[in-house]
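The next block holds one structure in the form of C-alpha cells; read it before the comments.
Bear in mind that the values in this text are calculations on the coordinates, not laboratory data. Everything numeric here is computed off the predicted structure, so don't read it as measured data.
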Amino acid sequence: MSIMTSRQASELDFAFERNGWTSEDVKRVSGGDLLATLLLVVRGAAEVVVKIITRTVKVDRSRTAAEVIDATGRVKWYIDQEALAEMPLDGKSEDTVEFFELNYDPSVDELDREYEARGLRPDPAAVAQAMADDPALADERPVGVQWRDARDRACYAIFHRDVSEHYVVFVNRFDHRWLRHYRFAGVHK
C-alpha cells in the first residue's frame, strides 16, 4: 500500500518546486534521518530552532578592498592580492548582514547554493564592517564570506579569533570543502 496518492506526490513535487528545491536538495533530505526529524516537527513532537544572527551596518563604499580589510582592525594572517583585487565592493551604504550556520561540510559550489537558497549574496565589505563593529561575532565560530572571481574561482575572507586571542583575517582562494564549524554571511539580494 502506498503512503501517498499520486495527487499528494504531485502536490509535494509542486511545493518543492515553488520553494526553489533542486533534485540535489531532495536527494540530500531523503538520505539519513532528516525526514524522521521533520516528521516529529510536523506532528508537533519537536521544534525547529533556527539560529540566524543579523547586524545592520553602514558601509563606506568608497573604500578599496585593502582599505575595507584594514578597517576591520584585524591582524592580516594571509592576504592573496589577486583574490583581494577581485573582492566585490558594490552594494548599499546601509544594509543588514545575515549570518548562517550549516550542519554539513559544504563544497564551494554547495555554499554558493546555500547563499542562493537563502536569497543572499556575498558582500565582503558589509561583512567586514559587521566584523569591525562587533569583533566578537567571530569568537564562537570563524565567519566566512565567499565570492567568485572573474575566472569563476571561489575566493573568501575569513574572520576569526585565534588561539592567542588575536582577531585575524584571511583573504584567499578556495576549492575544497568548508568545515561545518564556520558561520557564513551575506546580504539579501
Original post:
What's the angle, to the nearest 10 degrees (0 to 90), between helix 124-133's Cα axis and the longest principal axis of the chain?
Top reply: 70
Subject >> Calculated P(r) tail over 20 Å for the chain, as whole % of Cα pairs >> reply: 59
Subject >> Helix axis angle, 6-18 relative to the chain longest principal axis, alpha carbon, degrees >> reply: 10
Original post:
Based on Cα positions only, what radius of gyration and what Dmax would you give for the stretch 1-91, in angstroms?
Top reply: 22.6, 64
Original post:
Between the stretch 1-28 and the stretch 109-128, what is the C-alpha centre distance in whole Å?
Top reply: 26
Subject >> Rounded tilt (10° steps) of 108-117 against the dominant C-alpha axis of the chain >> reply: 70
Subject >> Residue with peak Gaussian network fluctuation, the chain [Cα springs, cutoff 10 Å], from 43, 141, 153 >> reply: 43
Original post:
With contacts defined as alpha carbon pairs under 8 Å and 6 or more residues apart, what's the relative contact order of the stretch 56-102 in percent?
Top reply: 68
Original post:
Of all DSSP beta bridges located in the chain, what percent are antiparallel, nearest 5?
Top reply: 80
**OP:** With springs connecting C-alpha atoms under 10 Å apart, model the chain as a Gaussian network and identify which of 86, 24, 165 has the largest mean-square fluctuation.
**Re:** 24
Original post:
Could you name the lysines in cross-link range of residue 58, using Cα to Cα under 24 Å and dropping any fewer than eight places away on the same chain?
Top reply: 76, 92, 189
